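Asker: Okay, handing you the structure first.
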């Protein structure tokens, strides 16, 4: 069997000493930043990115990916104990996780979250192993027209599915595309929007954009905010973690449903883990016999979103690796990081780099086992991390951001750029402009331009190529449907011109 | 009508939309100068012009959508902003001239002032600690081509 040889090949690579070591590093760093509220996985990846330049690309990728899914495990800890999500993907977990902790069931909640995260992640990995090669094989038939359309679809889905105004999200996508044009044009070699600044000739730094919008902006809005006191860590003993039989039984179906929703949403280009958690929570509320229990410590409301976010994060690697289309800002960033390493994700990636692809997939599973070990016996350590005061944390974070941005190209200009994007992100969020689509547009923009040009060259300047080729036509129709679906609320808002305060700003 | 009284134009939302409109107009204008090429062989200006036009259209739509928005004027915390700008600029200015250790020390020490009532002694300890860590991990550990000090 082809699949089994590939999987064996992957495990052989992932079980080598360097891969194991850096996988462990990755998931540990991931859990650490996941636990800390206000420190995202993206900051950790940005920090580790310059370090990985000196590694074998497969190992580098294994470590960076480990940070991503590791953060999903850690993020629920703060949600449960502090009522503050460690990362956005655990925002829903607060709703029932914190009430559980107030009732003295913090241990059970933490234990169940780890177990369901593991189950959700593992199922999604299996699905990924089965389907990614098929998707990639199908995508090998894509020409530039299809690539352009699927990228357009990804961007439009990301903009319309997000909370808040779809128009504002679309503007952010276009701003991202605009930022992507800065620098030397790959087709003609022309300098665009560089204003004579030498540092801009290679384009705007991806890390500077990401760290500004998601790192510095977050720090500016978090300083001085009351961070809350965690529920005493001494209560979380190993014995208190064991769930009762009834709790176990109540968690089985929500875990599976959450996993399914997560895998489905994660696999879609343009939709990320955060959306999956909200949908999983809503679904549980709908199927529950007594929906009023939700928000008061229902275990279903904790396990379903957590299974969903882990399964979504794993499944999100499917479109990212097989099509080169990231689902959310985190995946866009990882895609950018891969390209800095000279790896171009897409259908050819599986064929040309089987060891790297299968090694990475195998490492996911190993990483999830590490996380299980890290999170259950060592939960006390992570809980104690929550007591680090923010005034120690944020100066250190700022240093990590600066060194991470600076060490990519050793350009002082990039540190100033991070400052610029930090304030831009801070102000944009206040007005309800989401930062995530900028990153998606920025990463996909140059590729879209290239494929658009090539498609038109192929059709000798006729736009009909986008609807005459069958796959492209289907993608075009889906894109239009996505636009029409959101058109109703857009037209309503454009007519009334009013948005309530809570709608107008995206502040949490 | 009670809703009627609240229907005042929101200058902040309209201002934000106007900025995006100007940005789009600039991209379209500047992009046109790069040469849009022909439809068979698009030039380096084709994509920027398209983006610019799209941005202008969306900006007009958002302007309409948010004209009576209830969003408030953004409250930019002056102390925090000032301190963060100072910290990052200090790092940028010092990292290549004075070296990684002084740059890190300055960044951490300055940024601690974002919150009022900062204990100077603790700030010095934290700044020294992070600077030492920076030297240990990034210069000794990962051999990044950075000098620890100016000599």
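Read the figures in this text as sums done on the coordinates, not as results from a lab. From a predicted model like this one, the values you see are computed outputs, not experimental measurements. Every residue, glycine as well, gets a Cβ built from its backbone with ideal geometry; the counts of neighbours run over all protein chains shown.
Asker: Need one word for the stretch B:78-141: rounded, prolate or oblate. Basis is the Cα gyration tensor (sqrt eigenvalues a ≥ b ≥ c); a/c below 1.5 gives rounded, then a/b vs b/c decides.
Answerer: Here the stretch B:78-141 falls in the oblate category.
Asker: Based on the mean of other Cβ atoms within 10 Å per residue, sort peptides A:298-308, A:210-220, B:113-123, A:393-403 so the most packed one is first.
Answerer: Packing proxy ranking, top to bottom: A:298-308, A:210-220, A:393-403, B:113-123.
Asker: Another question, then. Under a crude label model (7 Å from the Cα following the beta-carbon direction), how far is residue B:29 from residue B:78 in nanometres?
Answerer: With each label placed 7 Å out from Cα toward Cβ, I get 3.4 nm.
Asker: Subtract the Cα-Cα distance of residue A:289 and residue A:378 from 0.36 nm times their separation in residues, and report this length gain in nm to one decimal.
Answerer: This chain segment gains 28.5 nm when fully extended.
Asker: Taking R0 as 51 Å, what's the FRET efficiency between residue B:14 and residue B:122 from their Cβ-Cβ distance, rounded to 0.05?
Answerer: Rounded to the nearest 0.05, the efficiency is 0.65.
Asker: Can you give me the angle between helix B:78-95 and the longest principal axis of chain B, using Cα atoms only, in degrees from 0 to 90, rounded to the nearest 10?
Answerer: Taking Cα atoms only, the helix is inclined about 60 degrees.
Asker: What shape does chain B have by the C-alpha gyration tensor, where a ≥ b ≥ c are the square roots of the eigenvalues, rounded means a/c under 1.5, and otherwise prolate means a/b greater than b/c and oblate the rest?
Answerer: In terms of gyration-tensor shape, oblate.
Asker: So how do B:32, A:69 line up by other beta-carbon neighbours within 10 Å, fewest first?
Answerer: Listed from fewest to most nearby Cβ atoms, that is B:32, A:69.
Asker: Starting from 0.36 nm per residue, how many nanometres of slack lie between residue A:355 and residue A:481 once their C-alpha separation is accounted for?
Answerer: Fully extending the segment from residue A:355 to residue A:481 adds 41.5 nm.
Asker: Restricting things to alpha carbons, tell me how big the protein assembly as shown is in terms of Rg and Dmax, in Å.
Answerer: 24.4, 73
Asker: What's the extension gain from residue A:420 to residue A:3 if we count 0.36 nm per residue and subtract their Cα-Cα distance?
Answerer: Gain in length upon complete extension: 145.4 nm.
Asker: Counting other C-beta atoms within 10 Å, which of A:287, A:415, A:392 has the fewest, and how do the rest follow?
Answerer: Ordered from fewest to most neighbouring Cβ atoms within 10 Å, A:287, A:415, A:392 come out as A:287, A:392, A:415.
Asker: In the stretch A:82-108, whose amide N lies under 20 Å from the spot 7 Å out along Cα-to-Cβ of residue A:240? List them in ranges.
Answerer: Residues passing the 20 Å test: A:82-86, A:94-108.
Asker: Related question: Measuring from centroid to centroid over Cα atoms, what is the spacing of the stretch A:68-131 and the stretch A:263-323 in Å?
Answerer: Spelled out, the Cα-based centre of one part sits 11 Å from the other.
Asker: I would also like to ask the following. Mind checking the angle between helix A:144-161 and chain A's longest principal axis? C-alpha axes, 0 to 90 degrees, to the nearest 10.
Answerer: The angle comes out near 40 degrees.
Asker: Turning to a different aspect of this structure: Roughly what would the spin-label model give for residue A:21 and residue B:140, points 7 Å off Cα along C-beta, in nm?
Answerer: Result for the modelled spin labels: 1.8 nm.
Asker: Also, quick follow-up: I'd like the mean, over residues of A:447-460, of how many other protein chain beta carbons sit within 10 Å of each residue's own Cβ.
Answerer: Going residue by residue through A:447-460 and averaging, the value is 3.
Asker: How far apart, in nm, are the 7 Å Cα→Cβ label points at residue A:388 and residue A:488?
Answerer: About 4.7 nm, to one decimal.
Asker: To the nearest 10 degrees, how steeply does helix A:390-409 sit against the main Cα axis of chain A, on a 0 to 90 scale?
Answerer: 30 degrees
Asker: Something else about it: Sort A:390, A:281 by Cβ crowding within 10 Å, fewest neighbours at the top.
Answerer: By the 10 Å Cβ count, ascending: A:390, A:281.
Asker: With the Cα gyration tensor of the stretch B:2-65 in hand, give its eigenvalues times 5 under a square root as the equivalent ellipsoid semi-axes, listed largest first in whole angstrom.
Answerer: 34, 10, 5
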